[in-house]
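S.K.: Let me begin by handing over the structure; questions about it come next.
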Amino acid sequence: MSDLFPLVEMSRSQFALTALYHWLFVPLTLGLSLIIAIMETIYYRTGDEEWKRTEKFWMTLFGINFATGVATGIILEFQFGTNWSNYSWFVGDIFGAPLAIEGIMAFFMESTFIAIMFFGWNKVSKKAHLAATWLTCIGAALSALWILVANAWMQYPAGMYFNPDTVRNEMYSFFDVVLSPVAINKFFHSVTSGWVLAAVFVLSISAWYLIKNRDKALALRSSKLAALVGLAGISIVFYTGDGSAKQVAHKQPMKLAAMEGVYDGKKGQELIVFGILNPDKKSYADTTETFLFKIKIPRLLSYLATGSTEGYIPGINNIIDGGYKAEDPFTGDTTITLSARERMERGKKAVLALSQYKKAVAANDTEAAQYAEEKLQQNYDSFGYAYITDIAQLVPPVPLVFYSFHIMFTLGIYLFILFTAVLFLTYKRNYERYKPILYIVLFSLPLGYICLESGWIVAEVGRQPWVIQDIMPTYSAISDINVKSVTATFWIFAIFFTVLFIAEVGIMLNQIKKGPDPQNR
């Protein structure tokens, strides 16, 4: 037991490292594939060779990024078997299905048509090449869909049944898993955030060309299209973000409380626009003032989370203590929440019932087995609480979640303004004259990455300690391996991913300096 928590922390760190690096590449793949497909559609309809030249330039950068993303993605999926084997065994029938589909269908589709997209020029018809480009884009989105379905299920488990005979969760409705409101919202939110990043990427490189006074036609065409895609993407991100707030308020209220630093709930809860948390605030039971400084908008959090300015938003203390009314946004049902201690007791009842069921089955006592199974299913929604040893474990790291959320939100507003400004200036046809704006656009590229990485931190760190919400805590999902092995592989991956990232950036910079092919071959 003394090695358990160091092992959990190192395994989490290794997975987080891999996911953070992987998330540098995936959104750009999703967004660039769309921009490239739109460029080729314009070329197909107009016959303008300049659009073909422009597309082939961005396609080269897309290919570099795609190859790097594949390398990190394969390692990420293997870690479920190496570091999280208990999790994989416990829910493999459910979690494995979307990942298998992603590998067999979506990734196969993406990889097949990407070959035609890159090497099919002058070998297939224009219509066939255009179809291959769009199918590459669709394949990338489908690949993301199945991974996001799996992730959404972890945060909103649906369509499953716990089988006491196998002691595993089994899928009873594939459509409930795929079409859960959390999965649908997460898919659109994540894919359109990729559009946003790709738009910033294209705008930034185009701005560099305009500053250097070279390849103006490519830069101006690319800027106008990227600003349109970015503005559409950020608008959908805001819309789906609003949907996420409502879903989190219902299913993961602790995450919402951490995002806004709310310890004591109330009706008409304000939204913190900017705040500095008090570092002396130690735990959920601490009465120390939460903020050293804050700027707030009255009642806005209640409105965003519940649709009413008078909606009740529970804080961390309220969630631990229970006893408040919670309304299910999907069904409209209202329930009185249980305290953490009550849920821990329910979890212990579920575990005890499972043990009694196994004994009854072994003794061929059908009646006792049926009674034990009923008790198990009645309390299964709190199964994971049986393994919580300290109530403080139920509170995620509030400062990390709070600051990550507000960085994401602030940069989202900034990018909306940036896309709007660039779109306005490109349509005035004098965008290249505004040198200060060009430099702002150029240096906005890292902000796009910071915005997306912050969102990932909010989604994943905010749900701790759960690997499956309320069903399985992270430290129950771990593999029985030596912590020294995980530590060693953590540093190996850290070095490998860093070298890979530096290599990708170097190759991209060389390609950008080289510029587009002067001839369309």
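S.K.: Would you mind checking which residues have amide H under 5 Å from Phe291's amide H? H placed 1.01 Å from N; only 5 or more apart, or other chain.
M.R.: Here the answer is Asn278, since their amide H atoms fall under 5 Å of that of Phe291.
S.K.: Turning to a different aspect of this structure: Averaged per residue, what accessible area in Å² does the chain show with a 1.4 Å probe, protein chains only?
M.R.: Values: 23630 Å² over 521 residues.
Per-residue accessible area for the chain comes out at 45 Å².
S.K.: Only Cα pairs under 8 Å and at least 6 apart count here; give the relative contact order of segment 78-203 as a rounded whole percent.
M.R.: After rounding, I find 25 percent.
S.K.: Moving on to the next point. Given all pairs of different Cα atoms, what value in angstroms does the Kirkwood hydrodynamic radius of the chain take?
M.R.: Value: 24.9 Å, from the Cα pair sum.
S.K.: Given the C-alpha atoms of segment 292-423, compute the convex hull and give its volume per residue in Å³. Provide the component values of the computation, followed by the final result.
M.R.: Numbers: hull volume 25.9 nm³, N = 132.
It is 196 Å³ per residue.
S.K.: Related question: Would you kindly compute the Cα radius of gyration of segment 385-480 and its largest Cα-Cα separation (Dmax), both in Å?
M.R.: 20.5, 64
S.K.: Note the direction-averaged projected area, equal to a quarter of the hull surface, for the Cα convex hull of segment 64-211, in nm².
M.R.: Values: hull surface 45.3 nm².
Over all viewing directions, segment 64-211 projects a mean Cα-hull area of 11.3 nm².
S.K.: On a C-alpha basis, how far is the centre of segment 295-346 from the centre of segment 474-521 in Å? Whole number, if you could?
M.R.: 41
S.K.: How much accessible surface does Glu310 have with a 1.4 Å probe, in Å² rounded to 10?
M.R.: 90
S.K.: In the full protein assembly as shown, how much of Lys126 is accessible to a 1.4 Å probe, in Å² to the nearest 10?
M.R.: 110
S.K.: Using a simple charge model, +1 on the beta-carbon of Lys and Arg, -1 on the beta-carbon of Asp and Glu, nothing else, what dipole does the chain show about its Cα centre, in debye to the nearest 20?
M.R.: For the chain, the charge dipole is close to 2180 debye.
S.K.: Return one number: the angle in degrees, 0 to 90 and rounded to the nearest 10, between the long axis of the Cα atoms of helix 366-379 and the longest principal axis of the Cα atoms of the chain.
M.R.: Approximately 50 degrees, to the nearest 10.
S.K.: Going by alpha carbons, how many degrees (0 to 90, nearest 10) lie between the helix axis of 4-46 and the longest principal axis of the chain?
M.R.: 40
S.K.: Before rounding to the nearest 500, sum -39500 (n - 2.57) across all DSSP H runs of length at least 4 in the chain and divide by the residue total; then give [θ] at 222 nm in deg cm²/dmol.
M.R.: Mean residue ellipticity at 222 nm (helix-derived): -23500 deg cm²/dmol.
S.K.: Rank Asp286, Asp381 by accessible area, highest first, at a 1.4 Å probe radius?
M.R.: Details: Asp286 35, Asp381 80 Å².
The most accessible residue leads, giving Asp381, Asp286.
S.K.: Sort 408-419, 455-466 by packing, meaning the average of other beta carbons within 10 Å per residue, with the highest value first. Please report the intermediate quantities before stating the final value.
M.R.: Working: 408-419: 18.9, 455-466: 21.6.
Descending mean neighbour count gives 455-466, 408-419.
S.K.: In degrees between 0 and 90, to the nearest 10, how far off the longest principal axis of the chain does helix 49-82 point, with axes built from Cα atoms?
M.R.: Helix 49-82 sits at roughly 20 degrees to that axis.
S.K.: A further question on this structure: Roughly what percent of Cα-Cα pairs across segment 20-122 reach past 20 Å?
M.R.: Taking all Cα-Cα pairs of segment 20-122, the fraction more than 20 Å apart is 50 percent.
S.K.: Beyond 29 Å between alpha-carbons counts as too far, so tell me which of Lys123/Lys514; Lys224/Lys296; Lys267/Lys375; Lys224/Lys514 fall in that bin.
M.R.: Checking Cα-Cα distances, Lys224/Lys296; Lys267/Lys375 exceed 29 Å.
S.K.: Using Cα-Cα distances under 8 Å and only pairs 6 or more residues apart, what relative contact order does segment 192-274 have, in percent?
M.R.: 29
S.K.: Also, I was wondering about something else. Give a residue-ordered list of calculated ³J(HN,Hα) values for segment 89-102 (Karplus: 6.51 cos²θ - 1.76 cosθ + 1.60, θ = phi - 60°; whole Hz; x for Gly, Pro).
M.R.: Whole-Hz 3J(HN,Hα) from phi for segment 89-102: 5, 5, 10, x, 5, 9, 5, x, 4, x, 5, 5, 5, 4.
S.K.: Accessible area of Asp517, 1.4 Å probe, to the nearest 10 Å²?
M.R.: 60
S.K.: Roughly how many whole Å is it from the C-alpha centroid of segment 395-459 to that of segment 1-55?
M.R.: 17
S.K.: Follow-up question, since we're still on this one. Under 5 Å between amide H atoms, partner at least 5 residues away or on a different chain: which partners does Val273 have, H built in plane at 1.01 Å?
M.R.: So Val273 has HN proximity to Ile295, Lys296, Ile297.
S.K.: On to the next question. What FRET efficiency comes out for Ser173 versus Thr335 if R0 is 22 angstrom and r is the Cβ-Cβ distance? Round to the nearest 0.05.
M.R.: About 0.45, to the nearest 0.05.
S.K.: Specify which residue in the list Gly275, Thr489, Ser339 is farthest towards the positive end of the charge dipole of the chain, using unit charges on the beta carbon of Lys, Arg (+1) and Asp, Glu (-1), about the Cα centre.
M.R.: Looking along the dipole axis, the top candidate is Gly275.
The values are calculated or read from the model by the stated rules, or taken from the named source; none is laboratory data. Given the structure is predicted, the values throughout are model-derived calculations rather than measurements. All Cβ positions, even for glycine, are placed from backbone atoms using ideal geometry, and neighbour counts span all protein chains on display. The accessibility values were calculated without ligands, DNA or RNA, using every heavy atom of the protein model including side chains. Shrake-Rupley method; radii C 1.70, N 1.55, O 1.52, S 1.80 Å.
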